[in-house]
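Asker: Before anything else, here's the structure in question.
The values are calculated or read from the model by the stated rules, or taken from the named source; none is laboratory data. Nothing here was measured: the structure is a model prediction, and the numbers come from that model. Cβ sites come from the backbone with ideal geometry, for glycine too, and all protein chains shown count toward neighbours. Side chains are part of the model used for accessible areas, which takes the heavy atoms of the whole protein and leaves out ligands, DNA and RNA. Shrake-Rupley method; radii C 1.70, N 1.55, O 1.52, S 1.80 Å.
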Amino acid sequence: MTNIAFLYIAESYQCYHAAAIAVELAKYDSVNITNFYNDPETPYHLERVRKALDAPPMEYHPLRRSFPTAFMQSIRLLGMFKDMVLRDNATELNKYDAIVTVEDTVSSARRLGISRPRLIYSPHGCGDRARGFTDDVKSFDHVLLPGEKSAQRMLDNGLINPDNYTIIGSVKLETCTVLPRTNGPLFGNSHPIVLYNSHKARGLSSWGHFIEPMLEQFSHQSDFNLIVAPHTKMFRRRKQSTRDRWNARSTPRIIVDTGSDQCVDMTYTTAANIYVGDVSSQVYEFLEVPRPCVFLNPHNLDWRENPSFAHWHLGDVINDPRDLLPAIHAASARHALYIDRQKEWARKSLGPTAKGAANRGADAIWNTVLSK
(Lines give C-alpha, C1' and ligand atoms only; values in the text may rest on other atoms or scores of the structure.)
Protein backbone atom coordinates (compact mmCIF):
# COMPACT_ATOMS: atom_id res chain seq x y z
CA MET A 1 0.00 0.00 0.00
CA THR A 2 1.28 3.45 -0.95
CA ASN A 3 0.28 6.13 1.54
CA ILE A 4 -0.10 9.68 0.22
CA ALA A 5 -0.83 12.74 2.32
CA PHE A 6 -2.56 15.74 0.77
CA LEU A 7 -1.46 18.64 2.93
CA TYR A 8 -3.68 21.73 3.15
CA ILE A 9 -1.63 23.87 5.47
CA ALA A 10 -3.03 27.25 4.40
CA GLU A 11 -6.52 28.64 3.84
CA SER A 12 -9.32 26.43 2.63
CA TYR A 13 -9.72 28.08 -0.79
CA GLN A 14 -6.67 26.10 -1.92
CA CYS A 15 -8.71 22.88 -1.87
CA TYR A 16 -10.06 23.63 -5.32
CA HIS A 17 -6.57 23.34 -6.77
CA ALA A 18 -5.81 19.82 -5.55
CA ALA A 19 -8.79 17.91 -4.10
CA ALA A 20 -9.74 16.47 -7.48
CA ILE A 21 -6.23 15.01 -7.85
CA ALA A 22 -6.69 13.23 -4.52
CA VAL A 23 -10.00 11.83 -5.76
CA GLU A 24 -8.31 10.47 -8.90
CA LEU A 25 -5.39 8.97 -6.97
CA ALA A 26 -7.80 7.26 -4.58
CA LYS A 27 -9.08 5.19 -7.51
CA TYR A 28 -5.78 3.28 -7.60
CA ASP A 29 -6.16 -0.04 -5.76
CA SER A 30 -2.84 0.27 -3.96
CA VAL A 31 -3.14 3.90 -2.85
CA ASN A 32 -4.38 5.25 0.47
CA ILE A 33 -5.12 8.98 0.65
CA THR A 34 -5.24 11.05 3.84
CA ASN A 35 -6.11 14.74 3.75
CA PHE A 36 -4.51 16.86 6.48
CA TYR A 37 -5.74 20.39 7.10
CA ASN A 38 -4.86 23.49 9.11
CA ASP A 39 -7.87 25.72 8.41
CA PRO A 40 -11.01 24.32 10.14
CA GLU A 41 -13.11 25.33 7.12
CA THR A 42 -11.18 22.95 4.85
CA PRO A 43 -13.29 19.77 5.29
CA TYR A 44 -16.38 21.63 4.11
CA HIS A 45 -14.67 22.56 0.84
CA LEU A 46 -13.10 19.13 0.40
CA GLU A 47 -16.53 17.57 0.82
CA ARG A 48 -18.00 20.03 -1.63
CA VAL A 49 -15.52 18.87 -4.27
CA ARG A 50 -15.83 15.18 -3.39
CA LYS A 51 -19.63 15.20 -3.65
CA ALA A 52 -19.55 17.12 -6.92
CA LEU A 53 -17.25 14.43 -8.32
CA ASP A 54 -19.47 11.68 -6.87
CA ALA A 55 -16.44 10.13 -5.15
CA PRO A 56 -16.38 7.78 -2.12
CA PRO A 57 -15.74 9.23 1.36
CA MET A 58 -12.18 10.27 2.15
CA GLU A 59 -10.15 10.71 5.32
CA TYR A 60 -9.78 14.22 6.73
CA HIS A 61 -7.52 14.85 9.71
CA PRO A 62 -6.79 18.16 11.44
CA LEU A 63 -3.10 18.85 11.80
CA ARG A 64 -1.94 18.64 15.40
CA ARG A 65 -1.17 21.96 17.03
CA SER A 66 0.99 22.28 20.13
CA PHE A 67 -0.06 24.80 22.76
CA PRO A 68 2.34 27.51 21.47
CA THR A 69 1.09 26.97 17.90
CA ALA A 70 -2.57 27.04 18.92
CA PHE A 71 -1.99 30.19 20.94
CA MET A 72 -0.28 32.00 18.08
CA GLN A 73 -2.99 30.93 15.63
CA SER A 74 -5.65 32.24 18.00
CA ILE A 75 -4.39 35.74 17.18
CA ARG A 76 -5.93 35.58 13.71
CA LEU A 77 -4.27 38.66 12.32
CA LEU A 78 -0.84 37.04 12.74
CA GLY A 79 -1.48 34.19 10.28
CA MET A 80 -1.46 30.40 10.26
CA PHE A 81 2.14 29.75 11.41
CA LYS A 82 2.71 27.04 8.84
CA ASP A 83 6.26 26.17 9.87
CA MET A 84 5.17 25.68 13.48
CA VAL A 85 2.35 23.43 12.31
CA LEU A 86 4.72 21.42 10.13
CA ARG A 87 7.10 20.97 13.05
CA ASP A 88 4.22 19.81 15.26
CA ASN A 89 3.28 17.16 12.69
CA ALA A 90 6.69 16.14 11.36
CA THR A 91 6.67 12.68 12.97
CA GLU A 92 3.24 11.81 11.57
CA LEU A 93 3.88 13.18 8.10
CA ASN A 94 7.21 11.39 7.89
CA LYS A 95 5.33 8.07 7.75
CA TYR A 96 3.96 8.78 4.28
CA ASP A 97 5.43 7.87 0.92
CA ALA A 98 4.50 11.21 -0.61
CA ILE A 99 3.12 14.59 0.41
CA VAL A 100 1.14 16.61 -2.13
CA THR A 101 0.68 20.30 -1.39
CA VAL A 102 -0.46 23.48 -3.13
CA GLU A 103 1.52 25.67 -0.73
CA ASP A 104 5.20 26.41 -1.42
CA THR A 105 5.96 27.06 2.26
CA VAL A 106 5.98 23.27 2.64
CA SER A 107 9.47 23.59 1.16
CA SER A 108 10.63 23.82 4.79
CA ALA A 109 9.59 20.20 5.40
CA ARG A 110 13.11 18.77 5.03
CA ARG A 111 14.54 21.32 7.43
CA LEU A 112 11.84 20.46 9.95
CA GLY A 113 12.59 16.73 9.92
CA ILE A 114 10.20 15.40 7.26
CA SER A 115 12.76 13.42 5.27
CA ARG A 116 11.03 10.26 4.01
CA PRO A 117 8.14 11.35 1.72
CA ARG A 118 8.53 12.58 -1.81
CA LEU A 119 7.42 16.21 -1.87
CA ILE A 120 5.06 17.14 -4.71
CA TYR A 121 4.01 20.72 -5.32
CA SER A 122 1.06 21.93 -7.39
CA PRO A 123 0.88 25.76 -7.25
CA HIS A 124 -2.49 27.25 -6.37
CA GLY A 125 -2.91 29.46 -9.39
CA CYS A 126 -1.10 30.42 -12.57
CA GLY A 127 -0.32 34.08 -11.99
CA ASP A 128 2.71 36.19 -12.76
CA ARG A 129 3.81 37.54 -9.38
CA ALA A 130 7.42 36.93 -8.40
CA ARG A 131 6.09 35.35 -5.20
CA GLY A 132 5.24 32.23 -7.19
CA PHE A 133 8.77 31.82 -8.55
CA THR A 134 11.05 31.71 -5.52
CA ASP A 135 13.80 29.29 -4.56
CA ASP A 136 11.27 27.42 -2.40
CA VAL A 137 10.27 25.51 -5.53
CA LYS A 138 13.71 23.83 -5.64
CA SER A 139 12.89 21.87 -2.50
CA PHE A 140 10.21 19.75 -4.17
CA ASP A 141 10.83 16.42 -5.86
CA HIS A 142 8.19 17.05 -8.51
CA VAL A 143 6.10 20.04 -9.58
CA LEU A 144 2.69 19.86 -11.27
CA LEU A 145 2.10 22.96 -13.37
CA PRO A 146 -0.97 24.21 -15.22
CA GLY A 147 0.72 25.57 -18.33
CA GLU A 148 3.91 26.27 -20.24
CA LYS A 149 4.23 29.87 -18.97
CA SER A 150 4.94 28.82 -15.39
CA ALA A 151 7.10 25.92 -16.54
CA GLN A 152 9.31 28.07 -18.76
CA ARG A 153 9.78 30.75 -16.12
CA MET A 154 10.72 28.15 -13.51
CA LEU A 155 13.12 26.48 -15.95
CA ASP A 156 14.70 29.83 -16.83
CA ASN A 157 15.17 30.59 -13.12
CA GLY A 158 16.65 27.17 -12.37
CA LEU A 159 13.79 26.22 -10.03
CA ILE A 160 12.92 22.99 -11.84
CA ASN A 161 14.66 20.77 -14.37
CA PRO A 162 13.27 18.99 -17.43
CA ASP A 163 12.82 15.76 -15.48
CA ASN A 164 10.91 16.92 -12.40
CA TYR A 165 7.80 18.69 -13.62
CA THR A 166 4.62 17.85 -15.51
CA ILE A 167 2.17 20.21 -17.24
CA ILE A 168 -1.35 19.05 -16.43
CA GLY A 169 -3.71 21.99 -17.01
CA SER A 170 -5.81 23.87 -14.46
CA VAL A 171 -7.34 21.57 -11.85
CA LYS A 172 -9.38 24.44 -10.43
CA LEU A 173 -10.97 25.29 -13.78
CA GLU A 174 -11.93 21.66 -14.24
CA THR A 175 -13.21 21.28 -10.68
CA CYS A 176 -15.37 24.39 -10.75
CA THR A 177 -17.24 23.24 -13.85
CA VAL A 178 -18.84 20.42 -11.85
CA LEU A 179 -19.65 22.32 -8.65
CA PRO A 180 -23.34 23.09 -8.04
CA ARG A 181 -24.27 26.70 -8.72
CA THR A 182 -26.81 28.98 -7.07
CA ASN A 183 -29.82 29.21 -9.33
CA GLY A 184 -30.93 32.55 -10.69
CA PRO A 185 -29.15 35.70 -11.84
CA LEU A 186 -26.85 37.64 -9.54
CA PHE A 187 -28.67 40.90 -10.27
CA GLY A 188 -32.24 41.87 -11.01
CA ASN A 189 -31.29 43.55 -14.29
CA SER A 190 -29.40 42.67 -17.45
CA HIS A 191 -26.69 45.34 -17.30
CA PRO A 192 -23.06 44.25 -17.85
CA ILE A 193 -21.29 43.00 -14.73
CA VAL A 194 -17.93 44.39 -13.62
CA LEU A 195 -15.88 42.21 -11.27
CA TYR A 196 -13.40 43.95 -8.97
CA ASN A 197 -10.92 41.34 -7.73
CA SER A 198 -8.22 42.95 -5.62
CA HIS A 199 -5.30 41.08 -4.10
CA LYS A 200 -4.03 41.78 -0.58
CA ALA A 201 -0.32 41.87 -1.52
CA ARG A 202 1.40 44.74 0.24
CA GLY A 203 2.65 47.42 -2.12
CA LEU A 204 0.65 45.94 -5.01
CA SER A 205 -2.95 45.90 -3.84
CA SER A 206 -5.31 48.53 -5.27
CA TRP A 207 -7.88 48.16 -2.49
CA GLY A 208 -6.83 51.04 -0.26
CA HIS A 209 -6.77 53.55 -3.11
CA PHE A 210 -9.70 52.38 -5.21
CA ILE A 211 -12.42 50.71 -3.14
CA GLU A 212 -14.11 53.83 -1.73
CA PRO A 213 -14.00 55.85 -4.98
CA MET A 214 -15.23 52.76 -6.82
CA LEU A 215 -18.24 52.23 -4.56
CA GLU A 216 -19.05 55.93 -4.75
CA GLN A 217 -18.82 56.07 -8.54
CA PHE A 218 -20.85 52.90 -9.12
CA SER A 219 -23.58 54.05 -6.75
CA HIS A 220 -24.20 57.08 -9.00
CA GLN A 221 -24.42 55.31 -12.37
CA SER A 222 -26.84 52.80 -13.91
CA ASP A 223 -24.89 51.33 -16.83
CA PHE A 224 -23.12 48.54 -14.94
CA ASN A 225 -23.52 46.15 -12.05
CA LEU A 226 -20.51 45.70 -9.77
CA ILE A 227 -19.21 42.68 -7.86
CA VAL A 228 -16.58 43.46 -5.25
CA ALA A 229 -14.91 40.12 -4.49
CA PRO A 230 -11.34 40.62 -3.22
CA HIS A 231 -8.93 37.75 -2.79
CA THR A 232 -10.33 35.61 0.00
CA LYS A 233 -7.22 36.12 2.14
CA MET A 234 -7.94 39.85 2.41
CA PHE A 235 -10.70 39.28 4.96
CA ARG A 236 -9.85 35.76 6.10
CA ARG A 237 -8.20 36.99 9.31
CA ARG A 238 -10.71 39.73 10.04
CA LYS A 239 -13.53 39.55 12.55
CA GLN A 240 -16.89 38.42 11.25
CA SER A 241 -18.33 41.77 12.31
CA THR A 242 -15.86 43.51 9.98
CA ARG A 243 -16.83 41.24 7.11
CA ASP A 244 -20.49 41.80 7.84
CA ARG A 245 -20.05 45.57 7.69
CA TRP A 246 -18.48 45.35 4.26
CA ASN A 247 -21.03 42.84 2.95
CA ALA A 248 -23.82 45.14 4.16
CA ARG A 249 -22.67 47.77 1.69
CA SER A 250 -24.26 45.72 -1.09
CA THR A 251 -27.10 47.33 -3.04
CA PRO A 252 -29.37 46.11 -5.86
CA ARG A 253 -26.59 46.95 -8.34
CA ILE A 254 -23.53 46.24 -6.14
CA ILE A 255 -22.51 42.96 -4.49
CA VAL A 256 -19.80 43.20 -1.83
CA ASP A 257 -18.66 39.70 -0.90
CA THR A 258 -15.75 39.21 1.49
CA GLY A 259 -15.56 35.44 1.41
CA SER A 260 -18.54 33.30 0.38
CA ASP A 261 -18.25 30.13 -1.72
CA GLN A 262 -18.90 32.26 -4.79
CA CYS A 263 -15.59 34.04 -4.24
CA VAL A 264 -13.62 30.82 -4.65
CA ASP A 265 -15.62 28.64 -7.06
CA MET A 266 -15.49 30.89 -10.14
CA THR A 267 -19.13 31.96 -9.89
CA TYR A 268 -18.11 35.59 -10.21
CA THR A 269 -15.34 35.17 -12.77
CA THR A 270 -17.74 33.21 -14.97
CA ALA A 271 -20.61 35.71 -14.64
CA ALA A 272 -18.64 38.93 -15.15
CA ASN A 273 -18.33 40.81 -18.43
CA ILE A 274 -15.40 43.05 -17.44
CA TYR A 275 -12.55 42.31 -15.04
CA VAL A 276 -10.97 45.00 -12.87
CA GLY A 277 -8.03 44.03 -10.68
CA ASP A 278 -4.37 44.29 -9.80
CA VAL A 279 -2.18 41.19 -9.34
CA SER A 280 -4.48 38.25 -8.56
CA SER A 281 -3.98 35.14 -10.69
CA GLN A 282 -7.76 34.91 -10.97
CA VAL A 283 -7.47 37.12 -14.04
CA TYR A 284 -6.39 34.04 -16.00
CA GLU A 285 -9.39 32.08 -14.77
CA PHE A 286 -11.53 34.98 -16.01
CA LEU A 287 -9.71 34.90 -19.35
CA GLU A 288 -10.58 31.28 -20.00
CA VAL A 289 -13.14 33.14 -22.11
CA PRO A 290 -11.42 36.33 -23.39
CA ARG A 291 -13.17 39.46 -22.13
CA PRO A 292 -12.25 43.10 -21.43
CA CYS A 293 -9.92 43.87 -18.52
CA VAL A 294 -8.83 47.01 -16.69
CA PHE A 295 -5.82 46.91 -14.36
CA LEU A 296 -5.13 49.22 -11.44
CA ASN A 297 -1.68 50.62 -10.63
CA PRO A 298 -2.16 53.09 -7.76
CA HIS A 299 1.47 52.67 -6.65
CA ASN A 300 2.78 53.95 -10.00
CA LEU A 301 4.89 50.86 -10.51
CA ASP A 302 7.25 50.58 -13.47
CA TRP A 303 5.66 47.40 -14.78
CA ARG A 304 6.01 47.21 -18.56
CA GLU A 305 9.22 45.14 -18.72
CA ASN A 306 8.56 43.20 -15.52
CA PRO A 307 7.37 39.58 -16.04
CA SER A 308 5.51 39.77 -12.73
CA PHE A 309 3.04 42.09 -14.44
CA ALA A 310 2.70 40.28 -17.76
CA HIS A 311 -1.08 40.21 -17.37
CA TRP A 312 -1.18 44.03 -17.33
CA HIS A 313 -0.52 43.82 -21.07
CA LEU A 314 -3.98 42.24 -21.47
CA GLY A 315 -6.01 45.41 -20.85
CA ASP A 316 -5.73 49.11 -20.15
CA VAL A 317 -3.83 50.13 -17.00
CA ILE A 318 -4.86 53.16 -14.95
CA ASN A 319 -3.30 54.83 -11.92
CA ASP A 320 -5.99 57.26 -10.80
CA PRO A 321 -9.46 56.35 -9.44
CA ARG A 322 -10.88 59.27 -11.43
CA ASP A 323 -10.10 57.30 -14.60
CA LEU A 324 -11.95 54.19 -13.47
CA LEU A 325 -15.41 54.63 -15.00
CA PRO A 326 -14.07 56.10 -18.28
CA ALA A 327 -11.77 53.06 -18.61
CA ILE A 328 -14.62 50.66 -17.89
CA HIS A 329 -16.88 52.39 -20.40
CA ALA A 330 -14.13 52.14 -23.03
CA ALA A 331 -13.10 48.56 -22.21
CA SER A 332 -15.43 46.74 -24.60
CA ALA A 333 -14.51 48.93 -27.56
CA ARG A 334 -10.80 48.57 -26.79
CA HIS A 335 -10.97 44.82 -26.28
CA ALA A 336 -9.97 44.24 -29.91
CA LEU A 337 -6.51 45.59 -29.01
CA TYR A 338 -5.97 42.83 -26.46
CA ILE A 339 -8.03 39.79 -27.44
CA ASP A 340 -5.32 37.95 -29.40
CA ARG A 341 -2.79 38.46 -26.61
CA GLN A 342 -5.40 37.35 -24.06
CA LYS A 343 -5.95 34.11 -25.95
CA GLU A 344 -2.22 33.45 -26.15
CA TRP A 345 -1.51 34.14 -22.48
CA ALA A 346 -4.57 32.27 -21.27
CA ARG A 347 -3.43 29.23 -23.25
CA LYS A 348 0.13 29.47 -21.90
CA SER A 349 -1.08 30.04 -18.34
CA LEU A 350 -4.00 27.63 -18.04
CA GLY A 351 -2.44 24.86 -20.10
CA PRO A 352 -4.32 21.97 -21.70
CA THR A 353 -8.05 22.63 -21.69
CA ALA A 354 -9.04 19.08 -22.58
CA LYS A 355 -10.83 17.38 -19.70
CA GLY A 356 -8.56 15.42 -17.39
CA ALA A 357 -6.26 17.85 -15.53
CA ALA A 358 -6.81 16.04 -12.22
CA ASN A 359 -6.30 12.67 -13.86
CA ARG A 360 -3.11 13.89 -15.51
CA GLY A 361 -1.91 15.08 -12.10
CA ALA A 362 -2.68 11.71 -10.51
CA ASP A 363 -0.92 9.85 -13.31
CA ALA A 364 2.15 12.06 -12.96
CA ILE A 365 2.32 11.41 -9.24
CA TRP A 366 1.90 7.67 -9.61
CA ASN A 367 3.88 6.94 -12.78
CA THR A 368 6.55 9.63 -12.66
CA VAL A 369 7.19 10.24 -8.98
CA LEU A 370 6.28 7.14 -6.98
CA SER A 371 7.52 4.66 -9.56
CA LYS A 372 11.10 5.93 -9.17
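Asker: If I compute solvent accessible area with a 1.4 Å probe over the protein chains, what percent of it on the stretch 217-317 is carbon and sulfur?
Answerer: Working: 1810 of 3890 Å².
Here carbon and sulfur together make up 46 percent of the probe-accessible area.
Asker: From the C-alpha gyration tensor of the stretch 161-269, pull out the three semi-axes of the equivalent ellipsoid (sqrt of 5λ each), sorted largest to smallest, in whole Å.
Answerer: Whole-Å semi-axes of the equivalent ellipsoid: 28, 19, 14.
Asker: Contact order normalised by length for the chain, with contacts defined as Cα pairs under 8 Å and 6 or more residues apart; what percent is it?
Answerer: For the chain, the relative contact order is 18 percent.
Asker: Let me ask something else about it. Kindly list the residues of the stretch 197-240 that lie in the label zone of Thr182, defined by a backbone N under 15 Å from the point 7 Å along the Cα-to-C-beta vector.
Answerer: Residues 226-230 qualify, since their backbone N sits under 15 Å from the label point.
Asker: Residue separation times 0.36 nm, minus the C-alpha to C-alpha distance between Gln152 and Arg249: what's the value?
Answerer: Separation in residues times 0.36 nm, less the Cα-Cα distance, equals 30.6 nm.
Asker: Taking a quarter of the surface of the Cα convex hull of the stretch 1-148, what do you get in nm²?
Answerer: Over all viewing directions, the stretch 1-148 projects a mean Cα-hull area of 9.2 nm².
Asker: Taking Cα centroids, how far is the stretch 117-160 from the stretch 313-362 in Å?
Answerer: 22
Asker: Mind checking Rg over Rh on the stretch 132-188, alpha carbons, Kirkwood formula for Rh?
Answerer: 1.23
Asker: Here's another thing I want to ask about it. Which order do peptides 307-313, 152-158 fall in by mean Cβ count within 10 Å, highest first? Before the final figure, lay out each step's value.
Answerer: On the way: 307-313: 19.0, 152-158: 14.1.
Packing proxy ranking, top to bottom: 307-313, 152-158.
Asker: If the viscosity is 0.692 mPa s and the temperature 37 °C, what translational diffusion coefficient in µm²/s does Stokes-Einstein give for the stretch 265-315 when Rh comes from Kirkwood over Cα pairs?
Answerer: Translational diffusion coefficient: 285 µm²/s.
Asker: Now, a different point. Between beta-carbons, use under 11 Å as the cut-off and find the net charge around Cys15, counting Lys and Arg +1, Asp and Glu -1.
Answerer: Numbers: positive: Arg48, Arg50, Lys172; negative: Glu11, Asp39, Glu41, Glu47, Asp265.
Once all neighbours under 11 Å are counted, the net charge is -2.
Asker: Follow-up question, since we're still on this one. So if R0 is 35 Å, what FRET efficiency would Asn32 and Arg237 give, r being the distance between their Cβ atoms, rounded to the nearest 0.05?
Answerer: Computed FRET efficiency for Asn32 and Arg237 comes out at 0.55.
Asker: Here's another thing I want to ask about it. Consider all pairwise Cα distances in the stretch 256-365 and report the whole-number % of them above 18 Å.
Answerer: 55
Asker: Separate question: Please work out whether the stretch 73-163 counts as rounded, prolate or oblate from its C-alpha gyration tensor, where a ≥ b ≥ c are the square roots of the eigenvalues and a/c under 1.5 means rounded, while otherwise a/b larger than b/c means prolate and anything else oblate?
Answerer: Numbers: a/c = 2.41, a/b = 1.38, b/c = 1.75.
Since a/c reaches 1.5 but b/c is at least a/b, the shape of the stretch 73-163 is classed as oblate.
Asker: Moving on. For the stretch 150-262, with every protein chain kept in place, what is the accessible area per residue (1.4 Å probe, Å²)?
Answerer: 48
Asker: Work through the residues other than Ile227 whose Cβ is under 13 Å from its Cβ and net out their charges, Lys, Arg +1 and Asp, Glu -1. Each step should come with its number before you reach the end.
Answerer: Details: positive: Arg249, Arg253; negative: Asp257.
Residues close to Ile227 contribute a combined charge of +1.
Asker: Say R0 is 30 Å: what FRET efficiency, to the nearest 0.05, do Lys355 and Ala90 get from their beta-carbon distance? Before the final figure, lay out each step's value.
Answerer: Values: r = 37 Å, r/R0 = 1.25.
That gives a FRET efficiency of 0.20.
Asker: Okay, next question. So, by mean Cβ neighbours within 10 angstrom, what's the order for 194-200, 254-260, 136-142 with the highest one leading?
Answerer: Numbers: 194-200: 23.9, 254-260: 19.9, 136-142: 18.3.
Highest-to-lowest ranking by the protection proxy: 194-200, 254-260, 136-142.
Asker: For the chain, report the translational diffusion coefficient in µm²/s to the nearest whole number, using Stokes-Einstein at 10 °C, 1.306 mPa s, and a Kirkwood Rh over Cα pairs. If you can, show how the numbers build up before the last one.
Answerer: On the way: Rh = 21.4 Å.
Reported coefficient: 74 µm²/s.
Asker: Which value, in Å² and to the nearest 10, is the accessible area of Arg237 when all protein chains are kept and the probe is 1.4 Å?
Answerer: Result for Arg237: roughly 70 Å² accessible.
Asker: Need one word for the stretch 46-117: rounded, prolate or oblate. Basis is the Cα gyration tensor (sqrt eigenvalues a ≥ b ≥ c); a/c below 1.5 gives rounded, then a/b vs b/c decides.
Answerer: oblate
Asker: Rounded, prolate or oblate: which fits the stretch 1-67 when a ≥ b ≥ c are the square roots of the eigenvalues of the alpha-carbon gyration tensor, with rounded for a/c under 1.5 and prolate only if a/b beats b/c?
Answerer: Details: a/c = 2.19, a/b = 1.30, b/c = 1.68.
It comes out oblate by the Cα gyration axes.
Asker: Roughly speaking, what is the stretch gain from Asp97 to Asp323, that is 0.36 nm per residue apart minus the C-alpha to C-alpha distance, in nm to one decimal? All intermediate terms of the calculation are to be shown ahead of the outcome.
Answerer: Values: separation 226, 0.36 × 226 = 81.36 nm, distance 5.41 nm.
Between Asp97 and Asp323, full extension yields an extra 76.0 nm.
Asker: Along the stretch 235-250, what does the Karplus equation 6.51 cos²θ - 1.76 cosθ + 1.60 (θ = phi - 60°) give for ³J(HN,Hα), rounded to whole Hz, x for Gly and Pro?
Answerer: 10, 4, 9, 8, 5, 4, 4, 5, 5, 4, 4, 5, 4, 5, 7, 5
Asker: Could you work out the pair-distance distribution P(r) of the stretch 178-231 from its alpha-carbon pairs, with 5 angstrom bin width and percents rounded to whole numbers?
Answerer: Spelled out per bin, shortest first, that is 4, 16, 21, 21, 16, 12, 8, 2.
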